[in-house]
1. At a Förster distance of 30 Å, what's the computed FRET efficiency of Ala79 paired with Ile41, Cβ-Cβ distance as r, to 0.05?
2. Of Lys20/Lys224; Lys94/Lys149; Lys20/Lys206; Lys56/Lys243, which sit over 26 Å apart, Cα to Cα?
3. From the helices alone, meaning DSSP H stretches of at least four residues, give me the mean residue ellipticity at 222 nm for the chain, per-run term -39500 (n - 2.57), in deg cm²/dmol to the nearest 500.
4. Run through the DSSP bridge list for the chain and note the antiparallel percent, rounded to the nearest 5.
5. Amide H to amide H, which residues 5 or more places from Cys274 or on other chains are under 5 Å from it, using H placed in the peptide plane?
6. What FRET efficiency comes out for the pair Arg105/Glu247, r = Cβ-Cβ distance, R0 = 51 Å, nearest 0.05?
7. Between Met17 and Ile31, what length comes free when the chain is fully extended (0.36 nm per residue of separation minus the Cα-Cα distance, one decimal in nm)?
8. Considering only DSSP beta bridges whose two residues both sit in segment 1-57, what percent are antiparallel, to the nearest 5?
Amino acid sequence: MSVTVVTDSTCDMSREMAAKYGIVQVPLYVIWGSERFRDGIDITMAEFHRRLMSSKENPITEEPSIDEFAAIFQKEIDAGREVICPTIGSKLSKTYASASEAAGRFPGKVEVVDTETFSGGLALHAMLAAELAKAGVPLQEIAARLRSKLATQRGNMVLPDVTFLGRSGRLNKAVVSLAQMMRLSPILQLNHGVAESATQTNDFEKSRRQLLSIALRSLANTSKIRFMVGTVDAPELATEFEKEIREKLIGGCESLSVYACGPVVATNSGPRACAVFSMPID
């Protein structure tokens, strides 16, 4: 039986890339006062940025409902397909809980994987799942392969302003308070789905340079690595990262994609945030 990959919109995957891999994305929501926008569908990044800079209200985000996931799962199953569903980490969003609850309605037909990451890190899982599905790998084995990557995947990011992430409750309050008081640019790392401070400087450009060093340091003995480099309204920074990674990992970089983070991720990271996600490939 064929397998369809269903993921959520925090993977920040373009429609073109999703179509290439045959990946279905379930949108999260950006809520601005009484308005509710589907991530990547109802609001563009240009409009999001304009509103973020001018609005007195702060946007919040919301996970897809159980019924929304169930409807998509049902459609695939009715078409004779099983579903592998990698989601944003369960410690970062309630999306995993919604997808898992929905999957319970289809025993043996849907596997939901808590990837313990988001954005480009989630995209790496979704693309790997799509490749395995295309190769005819069974559903349960695809899920096992994705879970085997949790120990070796990496996610590092630098934020010019921690206010956005602090407001969401996804970063330790002590780290937020210190960074705000000292005007620091922290370099964060994902540790099993939890954003932690790796180090911090008082200069964003310095933090940006250190981010790449930290991201590559743990991969020194790895032969083949896939990268996703994302930014919020800062494509020039992504281009710089891409160049540096290719120069420093000659022969070790199996693939590298540069992408723009979407509104849900931007709500929690703020403008000009940069992130480097990696996954070693067997």
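Nothing in this text is a laboratory measurement; each read-out follows from the coordinates by a stated rule. A quick note: this is a predicted structure, and the numbers were derived from the prediction, not measured. All Cβ positions, glycine included, derive from the backbone under ideal geometry; neighbour counts span all protein chains shown.
1. On the way: r = 22 Å, r/R0 = 0.75.
With a Förster radius of 30 Å, E is 0.85.
2. The answer is Lys20/Lys206; Lys56/Lys243.
3. On the way: 11 runs with 116 residues, N = 282.
Dividing the helical sum by the residues of the chain leaves -12500 deg cm²/dmol.
4. Working: 29 of 49 bridges.
Looking only at bridges with both residues in the chain, the antiparallel portion is about 60 percent.
5. Val158
6. So, using R0 = 51 Å, E works out to roughly 0.55.
7. Values: separation 14, 0.36 × 14 = 5.04 nm, distance 2.61 nm.
In short, 2.4 nm is gained.
8. On the way: 4 of 9 bridges.
Taking every DSSP beta bridge with both residues in segment 1-57, the antiparallel ones total about 45 percent.
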